[in-house]
Amino acid sequence: MTSDVEKRPEANEAPFTLDEPAPKVLGFWDQSAFWANLGVSLLAFSGAYTVLAPDDDGAPTISIMAGIVAMAVGTVIGGLMLGLAAVPGARTGQPAMVLLRGLFGARLSYAPTVLNIAQLIGWGTFELIVIADAARELWDGVPRWGYVVAAGAITTVLTVWPLGSVRLLRRYVTVAVAIALVYFYVELVRQPLPDLTEGSWGGFWIGADAALAVSISWVPVAADYTRHSRTERAAFGAASVGYSATQIIAYVLGLLALALVAGDSGRVFDPFLGPTLGVVFFAVFVLREADQSFADTYSTAVSIQNLFPRADRRVLSVALGTGITVLALVLDIGDYAGFLTLIGSVFVPMLGVLAADFFLGRRHRSSAEPGEGGGAPSEAEAAARLDGWDVSRRAPSRWGMIAAWAAGFVVYQLINPGTVRHWAGFWRDVRDALHFVPQTWMSASLLSFLVAGAAALLIGRVTRR
């Protein structure tokens, strides 16, 4: 018998509100193409210097080769974390911020939701700025604002039909991007590269954390897409492998380009535009970048729905697309590296808490518990408590998980407070007061993830008793 969901003409598209079920229509290759395209970003070229652990003056502190290895290590670890974040969405059919109701409780989930909305608006704005700047490199006959407005319009259209956009990426965009990557690799390695080993390895884990932070930036949105996955295995494999492989490829290409321009990040696009067909293939990257801003904008709309479940995502998408376009017209990308560090310090430990509690800890509510006002739970409430993970609007607050998240956040800041001036200065003062000196082998991402996860398991056992 055909279900009510399958009878709806929009059954193959994302639901308009949280009250509607999410169709399971994305296979492994659909998702692989989606994540692979997200791994190839112009930010991997313009921001390649971040994995070279730049100092306060912006000068790299490790060699290009050390940066490549650090980037690969950070990306692989980040890809595995992304895969972990993808599975709960496929298992429950719920978007990322709604899943946090099961972790923190319905009301406490609003705090990370607001943080996620803020960081996604920031990422979406950055993407439009990068698209406009790159398009100006191709042809400066159009004013910058014209490119920003065009990129914002494309982003908004893609966001209104998100699952259709994912299928579009698989059918057409992925092949074009792969050809462009091969072409630029051939062209760049033919150039006289400088000595890539010149420099130190001392800031290795700082560089790895920078690459990991880019991967982690997708963790709080992964379930927004994998809730439409047909299987959990497809969700994990596509997110972890598809994303990691292409991010490594893109960052190596960016670092090679950076080496060819003597580390001048302002000229990193020059090696791409110099070859005969460089302009043509670079235009592929510029057009493809719209899928980054699309993903940011769509996930912002879905995150807002955790606060307002009956809000129509189409209306939200249009409003957000307009908003990030306006922001991109008035802001610049100068604080990119500091932005990445702050993202990592917030969401790496949160993933540690989520992974520990979802996969190893006690799922704290069961569908057998009373519904609103006592008595048996309603059908909607029972569905919201799927697999013991309570994502209903009445999910109880779990302050212990907030404490575990905070512990991981503090560990991250003590090891790597970033480069945002007053923020970093505060945490350096805290370090001095504690007489704590971070060692070169310490990874802020790994240690904060492990501390947060361990704290979540410990607090979970204590509160259960």
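Brief remarks follow.
- Scoring 423-434, 391-402 by mean Cβ neighbours within 10 Å over their residues and listing the highest first yields 391-402, 423-434.
- Convex hull per residue volume in Å³, alpha carbons only, for the range 180-229: 117
- Annotation note: trypsin sites (Lys or Arg not before Pro) in the range 10-105 located in DSSP loop regions with a Cβ neighbour count of at most 15 within 10 Å are LYS24.
- Kirkwood-Stokes translational diffusion coefficient of the range 390-439, alpha-carbon pairs, 37 °C, 0.692 mPa s, µm²/s: 257
- Taken over the chain, the ratio of Cα radius of gyration to 2.2 N^0.38 Å equals 0.97.
- Along its three principal directions, the equivalent ellipsoid of the range 1-149 from the Cα gyration tensor extends over semi-axes of 35, 22, 17 Å, largest first.
- Whole-number D in µm² s⁻¹ for the range 73-139, Kirkwood Cα-pair radius fed into Stokes-Einstein, 37 °C, 0.692 mPa s: 228
- The convex hull drawn around the Cα atoms of the range 250-316, when projected onto a plane and averaged over every direction, covers 6.3 nm².
- Net +/- balance of residues flanking ARG313 in space, Cβ distance below 11 Å, scoring K and R +1, D and E -1: -2
- Portion, in percent, of the accessible area of the range 74-168 that falls on carbon or sulfur, probe 1.4 Å: 71
- Looking at the chain, the accessible area is 41 square angstrom per residue; that uses a 1.4 Å probe and ignores ligands, DNA and RNA.
- Scanning the chain for GluC sites (Glu not before Pro) in DSSP loops with at most 12 neighbouring Cβ atoms within 10 Å leaves 1-197 as the longest stretch between them.
- Loop sites in the range 184-245: trypsin sites (Lys or Arg not before Pro), DSSP, at most 14 other Cβ within 10 Å: ARG190
- Here the range 133-204 is treated as a sphere whose radius is the Kirkwood value from Cα pairs; by Stokes-Einstein at 10 °C and 1.306 mPa s it diffuses with a coefficient of 98 µm²/s.
- Among the protein heavy atoms of the range 407-465, carbon and sulfur supply 65% of the accessible surface, probe 1.4 Å, non-protein parts ignored.
- Mean ellipticity per residue at 222 nm, deg cm²/dmol - from DSSP H runs of n ≥ 4 across the chain, formula -39500 (n - 2.57): -20500 deg cm²/dmol
- Carbon/sulfur fraction of accessible area - the range 219-318, other protein chains in place, 1.4 Å, %: 66
The values are calculated or read from the model by the stated rules, or taken from the named source; none is laboratory data. Worth saying up front: this structure is predicted, and the values here are computed from it rather than measured. Every residue, glycine among them, receives a Cβ derived from its backbone with ideal geometry; neighbour counts consider all protein chains shown. Each accessible area value is taken on the protein alone, full model and side chains, heavy atoms only, with ligands, DNA and RNA left out. Shrake-Rupley method; radii C 1.70, N 1.55, O 1.52, S 1.80 Å.
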